[in-house]
Each structure stands twice: as structure tokens, then as C-alpha cells.
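Chemist: One structure is given below, represented as C-alpha cells, and several questions about it will come after.
Readers should treat all values here as calculations from the given coordinates under stated rules, not as data from a laboratory. These figures come from a predicted structure and were not determined experimentally. Neighbour counts run over all protein chains shown; Cβ positions are idealised from the backbone, glycine included.
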Amino acid sequence: MNVEKIIFDIKGDERGSLVALEALKNIPFEIKRVYYISDTKKGVTRGFHAHKKLKQILICVNGSCKIGLDNGKEKEEVLLDKPNVGLYLESGMWRTMYDFSEGAVLLVLASELYDESDYIRDYETFLKYMNE
Ligand code: T46
């Protein structure tokens with residue numbers, strides 16, 4: 001599976017780290033929405049959906065979590081545990097997010113505003129969609 005990770009420059013100095021995210025520079029799309037997932041309870045798995053159009057970058061800016069990916073043919077697991085590493089998720093990818101560490105914060109940059117009609121939340125429908 002062609003999973004793309006983007007490594008962002010860390011502007012570090014004796015005070016600590018700073019990472020800058022810029023649309024159409026180190027983020028490959030115009031950013032229309034930002035959201036973050038935090039305070040995830042132990043043992044919880046989120047996601048279980050794919051998107052028809054949405055592109056996203058997922059960055060675990062604190063702690064760690066795992067992302068399960070499934071393109072209908074292959075599956076892969078990606079560990080996100082660095083605030084300067086983004087996972088580029090294009091459309092047509094079933095995803096789950098799990099194994100959130102204590103204090104984990106998953107930041108997501110999205111190419112579109114929130115639109116429930118862009119979600120495929122049923123796995124069988126996703127498989128049919130991918131084979132169309
Ligand atoms: C994704 C993964 C990585 C909004 O009102 N606005 C928003 O921008 C988002 C993302 C969600 N919501 C509402 C919809 C639900 O009532 O927040 C609630 C939780 O959303 P959801 O169950 O879809 O959350 P996750 O963590 O399963 O999935 C989210 C994103 O929805 C999804 O696009 O790729 O994170």
C-alpha cells in the first residue's frame with residue numbers, strides 16, 4: 001500500500017520545538033478545516049469509515065496512536081508518535097484510530113468543510129464503492 005508520511009521541519013532551539021504547517025507548501029492542499037481528537041478513553045477505537053473526496057493530514061502532536069488503513073485490497077497499520085510527522089490520507093481509504101496513549105492529541109488538517117455526505121460508514125458499501 002502506498003502510505004505517504006510527510007516529515008515536517010522542526011524549528012528547534014534551546015526553548016523547544018516549533019513546527020509550521022502551510023497550505024500548498026508542506027501541506028499538499030488548501031486547508032479548509034482543522035480538528036483534533038483528545039481525551040480518548042482507554043481501549044477505544046474511532047473511525048470505521050472512508051471518505052469519497054476528503055483529503056487529510058493526521059499528526060499526533062502529543063503522545064501516540066495507531067492508524068489502521070484499508071484500501072479494500074490491502075491493510076496496513078501506521079504508528080504516529082512524533083509531532084513532526086504527518087500521515088497523508090487521501091479519499092477511498094477505510095480508517096480506524098486506536099491505541100491512543102495517555103494524553104494523546106491527534107490533529108487533523110482537512111481539505112474540505114465537514115460534510116456527512118462525504119462519509120462511507122458501512123464497510124460493505126465501501127468495498128462496493130472501491131470496485132465501481
Ligand atoms: C476522520 C478521522 C481521522 C463535526 O461536527 N465536525 C467535524 O469536523 C468532524 C470531524 C466531526 N464532527 C462531528 C460528527 C460526529 O457527531 O463529531 C462527531 C464525531 O465524529 P466522528 O465519529 O466522525 O469521529 P471519528 O474520530 O470517528 O472520525 C474523525 C473524522 O470524522 C474523520 O473524517 O477521517 O477522524
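Chemist: How far is it, in nm, from the label point at residue 53 to the one at residue 18 when both lie 7 Å from their Cα along the line to the Cβ?
Modeler: With each label placed 7 Å out from Cα toward Cβ, I get 3.6 nm.
Chemist: If you don't mind, there's one more thing I want to ask. Go through 42/128; 53/82; 25/53; 11/42; 5/41; 25/128 and tell me which ones have a Cα-Cα distance over 31 Å in this structure.
Modeler: 42/128; 11/42; 25/128
Chemist: Go from 0 up to the bin containing the longest alpha carbon distance in region 37-132, width 10 Å each, and give me the % of pairs per bin.
Modeler: Percent of pairs per bin, in order: 16, 48, 31, 4, 0.
Chemist: For residue 66, which aspartates and glutamates qualify as cross-link partners when the Cα separation must be under 19 Å and same-chain residues fewer than eight apart are set aside?
Modeler: 4, 39, 74, 76, 77, 81, 90, 99, 102
Chemist: Now a separate question. Please give the charge dipole size of region 3-130, origin at the Cα centre, charges +1 on K and R Cβ atoms and -1 on D and E Cβ atoms. Round to the nearest 20 debye.
Modeler: With Lys and Arg at +1 and Asp and Glu at -1, about 120 debye.
Chemist: Hey, another quick one. If each DSSP helix of 4+ residues adds -39,500 (n - 2.57) and the sum is divided by the residues in the chain, what number results at 222 nm, nearest 500 deg cm²/dmol?
Modeler: -2000 deg cm²/dmol
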